[in-house]
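To keep things clear, I will list the structure first and then write my remarks on it.
The values are calculated or read from the model by the stated rules, or taken from the named source; none is laboratory data. Nothing here was measured: the structure is a model prediction, and the numbers come from that model. Cβ coordinates were reconstructed from backbone atoms using ideal geometry, including for glycine residues, and neighbour counts include every protein chain displayed.
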Amino acid sequence: DQQVKQNSPSLSVQEGRISILNCDYTNSMFDYFLWYKKYPAEGPTFLISISSIKDKNEDGRFTVFLNKSAKHLSLHIVPSQPGDSAVYFCAANGATNKLIFGTGTLLAVQP
Amino acid sequence: KAGVTQTPRYLIKTRGQQVTLSCSPISGHRSVSWYQQTPGQGLQFLFEYFSETQRNKGNFPGRFSGRQFSNSRSEMNVSTLELGDSALYLCASRGRTSGTTDTQYFGPGTRLTVL
């Protein structure tokens, strides 16, 4: 059972526009959510996180929104840059300390 | 501060062999987690060690095992390798506390190919 889902395997965006990556989860016990970015042949790099007590967290061009009632989070990248092209994973953590990952979304930012 | 390091970076084994992968966490981090990444399954949690004790385990067979040393370095062992064990194995270290909100930082991974 996939507890964290990223339903869009890929997304293509023009440089300078907004990229919106979505993630849904099913376990209401998750209380901490993270986004990672991954290039081929490298480990995931931490981008931004959000606690379940918040509904928004911003860090530069990256903003994460959490809608607990819908069990949905999204990552907004504004403006998108070609260097943002990578696979983006959302992940959720709860009392068990296990980080549960989604299957990833491949973002391609076109110059 | 040095990041998470993993050795070796690449490994080729044949079915039935065993393999040991190594991970050195960020200095001061006490938690080390292991993940398997395959194209179809994404990142799957294997296990987590904290202060030399296994704190959590994922849904993998007993052929997958691990341990953590007093300096927080960790090893993962896979015995009786199968073709399906071919994957990128990632290690992640977490901060100095046992809290759930400490961010995990990943190493570059070990690419294991089983022939």
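Has segment B:22-33 got at least one residue that is closer than 20 Å to A:Cys90 by Cα and in contact with a strand residue (DSSP E or B) (Cβ under 6 Å, 6 or more places away or on another chain)?
yes
Would you check which residues across segment A:38-82 are within 30 Å of B:Thr7 (Cα to Cα), aromatic (Phe, Trp, Tyr) and either more than 10 Å from every other protein chain (Cβ to nearest Cβ) or touching a residue at least 40 places away in the same chain (Cβ under 8 Å) (or both) and list them?
A:Tyr39
Table: residues versus (1) among the hydroxyl-bearing types (Ser, Thr, Tyr); (2) in contact with a strand residue (DSSP E or B) (Cβ under 9 Å, 6 or more places away or on another chain); (3) farther than 28 Å from B:Gly109 by Cα; (4) surrounded by fewer than 16 Cβ atoms within 10 Å (Cβ to Cβ).
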{"position": "A:Asn22", "(1), (2), (3), (4)": "no, yes, no, no"}
{"position": "A:Thr26", "(1), (2), (3), (4)": "yes, yes, yes, yes"}
{"position": "A:Thr45", "(1), (2), (3), (4)": "yes, yes, no, yes"}
{"position": "A:Ile50", "(1), (2), (3), (4)": "no, yes, no, no"}
{"position": "A:Lys56", "(1), (2), (3), (4)": "no, yes, yes, yes"}
{"position": "A:Thr63", "(1), (2), (3), (4)": "yes, yes, no, no"}
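I'd like to verify a number: residues in segment B:57-81 that are of a type outside the set (Val, Ile, Thr) and either part of a loop (DSSP other than H, G, I, E, B) or over 11 Å from the mean Cα position of the chain (by Cα) (or both), how many?
Looking only at that region, the number is 14.
Out of segment A:97-111, which residues are within 12 Å of chain B (Cβ to nearest Cβ) and either without any contact (Cβ under 8 Å) to a residue 40 or more places away in the chain or in contact with an Asp or Glu (Cβ under 8 Å, 6 or more places away or on another chain) (or both)?
A:Asn97, A:Lys98 - these are the residues of segment A:97-111 that are within 12 Å of chain B (Cβ to nearest Cβ) and either without any contact (Cβ under 8 Å) to a residue 40 or more places away in the chain or in contact with an Asp or Glu (Cβ under 8 Å, 6 or more places away or on another chain) (or both).
Condition first: surrounded by fewer than 16 Cβ atoms within 10 Å (Cβ to Cβ), of a type in the set (Gly, Ala, Ser) and either within 14 Å of another protein chain (Cβ to nearest Cβ) or farther than 26 Å from B:Tyr10 by Cβ (or both). Now tell me which residues in segment B:63-97 satisfy that.
Within segment B:63-97, just B:Ser70 meets the criteria.
Mind listing whichever residues of segment A:94-110 are in a strand (DSSP E or B) and buried (at least 21 other Cβ atoms within 10 Å of the Cβ)?
A:Leu99, A:Ile100, A:Phe101, A:Thr105, A:Leu107, A:Val109
Any idea how many residues of segment A:53-78 are polar (S, T, N, Q) and more than 21 Å from A:Arg17 (Cα to Cα)?
Looking only at that region, the number is 2.
Out of segment B:23-56, which residues are surrounded by fewer than 15 Cβ atoms within 10 Å (Cβ to Cβ), modelled with pLDDT of 90 or more and either assigned to a strand (DSSP E or B) or within 11 Å of another protein chain (Cβ to nearest Cβ) (or both)?
The answer is B:Thr53, B:Gln54.
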